[in-house]
Amino acid sequence: MQSPKYSIIVPVYNRPQEVKELLESLTHQTHRNFEVILVEDGSSISSKEVYEQYADKLSIQYFFKPNSGPGPSRNFGFEKAQGEYLVVFDSDCVLPTHYFEAVEIFLKTYPVDAWGGPDRGREDFTLLQQAMGFTMASFWTTGGIRGGKKSNFQPRSFNMGLSRKVFEQTNGFAFDRFAEDIELSIRIRKLGFKTALISEAYVYHKRRTTFRQFFNQVSNFGKGRILVGRKHDGEVKLTHWFPSLFLLGLAALPVLALIFPILFYITSTGYVFYLLLIAIDALVSTRSIGVALLSIPSALVQLLGYGFGFLSELVKAK
């Protein structure tokens, strides 16, 4: 039997409904030369029934293993994979029908070693999920930190592809969680592999369903950046400090109001204009007043969460 070109690895932890939506989207792909490897990472709410529903619709394997985090779970899937390229998605992603067709077209012209794609919200997602998706990708927030360069792109694990050669030379993910994808992308770059952003290979990414969950998620992103900086010198740049400075500036406003009223007025006005800029950009991009309004608290939660995680891990590192 001929090996598939792509092996899709999906780690899942207590999210059977999300996995079902992802698998359903895979059944509608216009390019179908792939296998799916579902890795249940010690879940108490099993996705096995979902797997069984799609066993005759997809070339799919299901594995259950003790909980170890997404990094080792993806590596587990890599070891089981037969494909020429190894592709990882988060379980809360849904693919447009043309995803693998877009990858095929791109690789024929630009045969890169690894790629990443953007994420988007979708109209049937909740307004809150759409707002969080917008702010996560926005140039004005931590999406600006992530960047959008088409070459030398650092793929993220919600939507990442790499050749088997890359896996063999990197041994996959080194961190169990918290910026494990960033750390791997850095090693891929240091080894001289070619990477790229494939703009048309986007995914619909649901993110979290509440601001509390979102705060915890982005806080882990902030912690992860410090962990990456410990292992790779020079990988904590000035731009990565922006959420922390945003948090510290906001926390300083009451003090400024008491001691330096003029400085308080200037600083608070700057915060207002900045958040309005995000809301206007959200309105233009999504054409939804609801998403635009929710983008303001979403941006606040995102920046404060990332900044909090960054500073807390930084202090711990000291």
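Things to note:
- Inspection of segment 160-173 finds no residue satisfying the criterion of being over 20 Å from Tyr6 (Cα atoms) and in contact (Cβ under 8 Å) with a residue 24 or more places away in the chain.
- Residues in segment 155-186 that are part of a loop (DSSP other than H, G, I, E, B) and of a type outside the set (A, V, I, L, M): 10 in all.
For every residue, the table says whether it meets (1) surrounded by fewer than 19 Cβ atoms within 10 Å (Cβ to Cβ); (2) assigned by TED's automatic domain parsing to the domain that holds Leu300; (3) under 15 Å from the mean Cα position of the chain (by Cα); (4) part of a loop (DSSP other than H, G, I, E, B).
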| residue | (1), (2), (3), (4) |
| --- | --- |
| Val87 | no, no, yes, no |
| Ser91 | no, no, yes, yes |
| Thr97 | yes, no, no, yes |
| Lys108 | yes, no, no, no |
| Gly133 | no, no, yes, no |
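- Just so you know, in segment 176-210 the residues that are within 15 Å of Ala137 (Cβ to Cβ) and of a type in the set (Ser, Thr, Tyr) include one that is surrounded by the fewest Cβ atoms within 10 Å (Cβ to Cβ), and it is Ser199.
- Within segment 151-173, the residues that satisfy the criterion of being in contact with a Gly (Cβ under 8 Å, 6 or more places away or on another chain) and at pLDDT below 95 are Phe153, Gln154, Pro155, Arg156.
- Candidates Arg230, Arg208, Arg189 - the one that is in a helix (DSSP H, G or I), among the basic types (Lys, Arg) and touching a helix residue (DSSP H, G or I) at 6+ places or on another chain (Cβ under 9 Å): Arg230
- Boolean, Gly249 is over 20 Å from the mean Cα position of the chain (by Cα), in a helix (DSSP H, G or I), without any contact (Cβ under 8 Å) to a residue 40 or more places away in the chain and surrounded by fewer than 18 Cβ atoms within 10 Å (Cβ to Cβ): yes
The values are calculated or read from the model by the stated rules, or taken from the named source; none is laboratory data. As the structure is a computational prediction, the values presented were derived from the model and not from experiment. Counting neighbours? That spans all protein chains shown, and the Cβs are built from the backbone with ideal geometry, glycine included.
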